[in-house]
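Written below as structure tokens is the structure these notes are about.
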Amino acid sequence: MTKSRFSYVVVEDDLKVCEGVKLRMNQFPNWNCLGLIPYFDIALKTIQDKQPNLLFLDYSILGGNTFSLLEQIKTIDDYNPFIIYFTAYGSDKDFISEDAINKYRVNKFLNKPIWEKLTEHLVNFISEAETWIKTNENSVLWLDTTDKIKVKIEPYKIICINQPENNPRFKTIRTTDNKIFDIKASWSDCERIAKKHAINFCYTKARDTIINKMYITKIQKPYIWLNDFLKITVTKERWKELGI
């Protein structure tokens with residue numbers, strides 16, 4: 001018997017939908033279902049305790065909605081699941097799809113009905129999920145700060161790296177949880193970090209700031225905003241690198 005390598009839960013208040021997702025997931029023998037869950041509180045406890053690799057989340061569940069669940073997931077250290085998000089309200093309530101993609105960074109967003117989409121794309125989704133999980137597994141970066149303190153950083157949380165004006169030998173790393181770390185490093189060192197940990201990065205100026213493109217939330221040339229709060233200037237020649 002094949003031992004399950006990965007785990008998932010389905011959080012949805014319609015148990016027929018839960019069973020339908022599980023039925024389709026049965027074709028992947030290295031994936032184990034940890035629960036078909038209609039209730040917010042049970043979903044939260046299961047995710048906190050078991051930290052499944054993949055979450056199938058419907059927006060509306062009993063006792064709340066899964067945006068509140070995603071807020072709680074953000075607080076779990078070293079946990080970065082692959083998320084397939086779906087809702088029946090996507091076309092009627094634009095904020096759901098926009099927040100799911102732009103604020104909560106779900107990996108896949110589907111408007112219901114989902115069956116045809118899962119039939120056509122689930123194999124690719126699961127392949128992407130396995131790659132995502134392997135990339136993030138044990139993906140912890142240890143760095144020595146300029147104050148000679150050793151710190152642990154989750155690389156996927158890095159928003160940007162910039163160079164202080166008064167010391168080109170130092171670099172400042174900013175993360176999604178509003179932490180700032182000053183390290184002694186070259187730009188080549190920073191590029192190696194980004195490439196090793198699969199950060200989708202680019203420069204916004206000539207060797208001034210590296211950004212993580214996944215955290216771009218607003219664009220108003222010549223500026224971009226990262227994670228809604230950090231405003232960065234982009235020089236004319238760098239817009240092409242951003243793919244914008």
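Given R₀ = 25 Å, what would the calculated FRET efficiency be for LYS213 paired with ALA88, taking r from the Cβ atoms and rounding to 0.05?
The computed FRET efficiency comes out at 0.25.
When ranked by the protection proxy of mean other Cβ atoms within 10 Å per residue, highest first, what sequence do the peptides 8-14, 73-79 form?
8-14, 73-79
Quick one: helix 115-136 against the long Cα principal axis of the chain, what's the angle to the nearest 10°, folded into 0 to 90?
40
Kindly express, to the nearest 10 degrees and within the range 0 to 90, the angle between helix 15-25's C-alpha long axis and the longest C-alpha principal axis of the chain.
In the chain, helix 15-25 runs at an angle near 70 degrees to the longest axis.
Per residue, how many Å² of accessible area does the range 37-167 show with a 1.4 Å probe?
Per-residue accessible area for the range 37-167 comes out at 52 Å².
How much of the accessible area of the chain, in percent, comes from carbon and sulfur atoms when a 1.4 Å probe is used?
The computed percentage sits at 48.
Return the sequence-ordered ³J(HN,Hα) values of the range 72-79 in whole Hz as given by the Karplus equation 6.51 cos²θ - 1.76 cosθ + 1.60 applied to θ = phi - 60°, using x for Gly and Pro.
Each residue's phi maps through the Karplus curve to give 5, 4, 4, 8, 8, 5, 6, 10 Hz.
Which GluC sites (Glu not before Pro) from the range 118-161 combine a DSSP loop assignment with at most 13 other Cβ atoms within 10 Å?
When the GluC sites (Glu not before Pro) of the range 118-161 are filtered for loop state and at most 13 Cβ neighbours within 10 Å, GLU137 remain.
Can you list residues from other chains, or at least 5 along the same chain, whose modelled amide H is less than 5 Å from the amide H of LEU230?
Hits under the 5 Å cutoff: none.
Which aspartates and glutamates have a Cα less than 20 Å from the Cα of LYS22, not counting those fewer than 8 places away in the same chain?
Answer for LYS22, where 20 Å is the Cα cut-off: GLU12, ASP13, ASP14, ASP58, GLU116, GLU120, GLU128, GLU130, listed by chain and number.
Is it possible to state the helix-based mean residue ellipticity at 222 nm for the chain, with each DSSP H run of 4+ residues giving -39500 (n - 2.57), the sum divided by total residues, to the nearest 500 deg cm²/dmol? What is it?
-8500 deg cm²/dmol
Need one word for the range 151-195: rounded, prolate or oblate. Basis is the Cα gyration tensor (sqrt eigenvalues a ≥ b ≥ c); a/c below 1.5 gives rounded, then a/b vs b/c decides.
Oblate, because a/c is 1.5 or more while a/b does not exceed b/c.
What shape does the range 42-140 take by its C-alpha gyration tensor, where a ≥ b ≥ c are the square roots of the eigenvalues and a/c under 1.5 counts as rounded, a/b above b/c as prolate, and the rest as oblate?
The shape class here is oblate.
Would you mind checking LYS148/LYS205; LYS108/LYS218; LYS152/LYS221 for any pair whose Cα atoms are more than 23 angstrom apart?
Violating the 23 Å limit, Cα to Cα: LYS148/LYS205; LYS152/LYS221.
Please give the charge dipole size of the chain, origin at the Cα centre, charges +1 on K and R Cβ atoms and -1 on D and E Cβ atoms. Round to the nearest 20 debye.
Using Cβ point charges on Lys, Arg, Asp and Glu, the chain gives about 980 debye.
Can you give the percent of C-alpha pairs in the range 154-244 whose distance is more than 22 Å?
20
I need the shape label for the range 50-106. Rule: rounded when a/c is under 1.5, else prolate if a/b > b/c, else oblate, with a, b, c from the alpha carbon gyration tensor.
Taking the square roots of the gyration eigenvalues as a ≥ b ≥ c, the range 50-106 is prolate.
Could you give the semi-axes, largest first, of the ellipsoid that matches the chain, computed as the square roots of 5 times the alpha carbon gyration tensor eigenvalues and rounded to whole Å?
Each semi-axis is √(5λ); the values are 36, 20, 16 Å.
In degrees, nearest 10, range 0 to 90: what is the angle between the Cα axis of helix 40-50 and the longest Cα principal axis of the chain?
Compared with the principal axis, the helix lies near 60 degrees.
The values are calculated or read from the model by the stated rules, or taken from the named source; none is laboratory data. None of the values given here were measured: they were computed from a predicted structure. Positions of Cβ are backbone-derived with ideal geometry, glycine not excepted, and every protein chain shown enters the neighbour counts. Just the protein is used for accessible areas: all its heavy atoms, side chains included, with ligands, DNA and RNA removed. Shrake-Rupley method; radii C 1.70, N 1.55, O 1.52, S 1.80 Å.
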